[in-house]
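The values are calculated or read from the model by the stated rules, or taken from the named source; none is laboratory data. No experiment lies behind these values; they were computed from the predicted model shown. Note that each Cβ is placed from the backbone with ideal geometry, even for glycine, and that neighbours are counted across all protein chains shown.
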């Protein structure tokens, strides 16, 4: 049970760290299927322990049927094999990156340095528009700004109230809105999303609606009504 619980905690931590590392997060990076398997197996083990305890201490004939045990384990093996073979390689954190991630939670960066990092970050995004690159990551950004990743993460999270994913996609949504309001633009909504740095239609629509409360198509229609 300890191993299973630790596995679930590690996967949860991985999924949470994705938002401070990548600007586009595909489903393969989230490894939702593996998270489901670990949670399901934890619940299965808990059910086995409870029923065994009831049988042993209270004398109840409450053992799980063998067909249930075999079916549950067979389903887990099938899911693990099917999704495991289709799983793309995911980025693994090095020992140094894990240490820096924990270090960022207790950093004491001088205020002047925080202000400088934030100013450089905002200027870089306004001038160079790195958010148009769908493969933009925290590593790439830190290399360009010559700032340690954990310093950037700390400034974004603590001073700007956003993680890396939210910060980058805020600029992308603003770029999309600008293109949608341009009457000379004749690109489709999906093409505009790709043009502004989104890597998939689903992530584009999800992020846009979370920030504006409307889908891109609904926003475009509302703009057309105004004009």
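The table below lists the values:
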| item | result |
| --- | --- |
| Residues within segment 168-193 that are outside any loop (DSSP other than H, G, I, E, B) and touching a residue at least 12 places away in the same chain (Cβ under 8 Å), tallied | 15 |
| Residue within segment 164-186 that is in contact with a helix residue (DSSP H, G or I) (Cβ under 8 Å, 6 or more places away or on another chain) and over 26 Å from residue 218 (Cα atoms) present | yes |
| Unmet criterion (only one of (1) part of a helix (DSSP H, G or I); (2) at pLDDT 95 or above; (3) surrounded by 18 or more Cβ atoms within 10 Å (Cβ to Cβ)) for residue 140 | (3) |
| Those residues of segment 143-163 which are under 28 Å from residue 219 (Cβ atoms), under 15 Å from the mean Cα position of the chain (by Cα) and buried (at least 17 other Cβ atoms within 10 Å of the Cβ), in sequence order | 163 |
| Count - residues of segment 194-212 that are modelled with pLDDT of 95 or more and outside any helix (DSSP H, G or I) | 3 |
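Here's the yes/no breakdown for (1) modelled with pLDDT under 75; (2) over 18 Å from the mean Cα position of the chain (by Cα); (3) exposed (fewer than 11 other Cβ atoms within 10 Å of the Cβ):
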{"position": "15", "(1), (2), (3)": "no, no, no"}
{"position": "21", "(1), (2), (3)": "no, no, no"}
{"position": "58", "(1), (2), (3)": "yes, yes, yes"}
{"position": "78", "(1), (2), (3)": "no, yes, yes"}
{"position": "94", "(1), (2), (3)": "yes, yes, yes"}
{"position": "101", "(1), (2), (3)": "yes, no, no"}
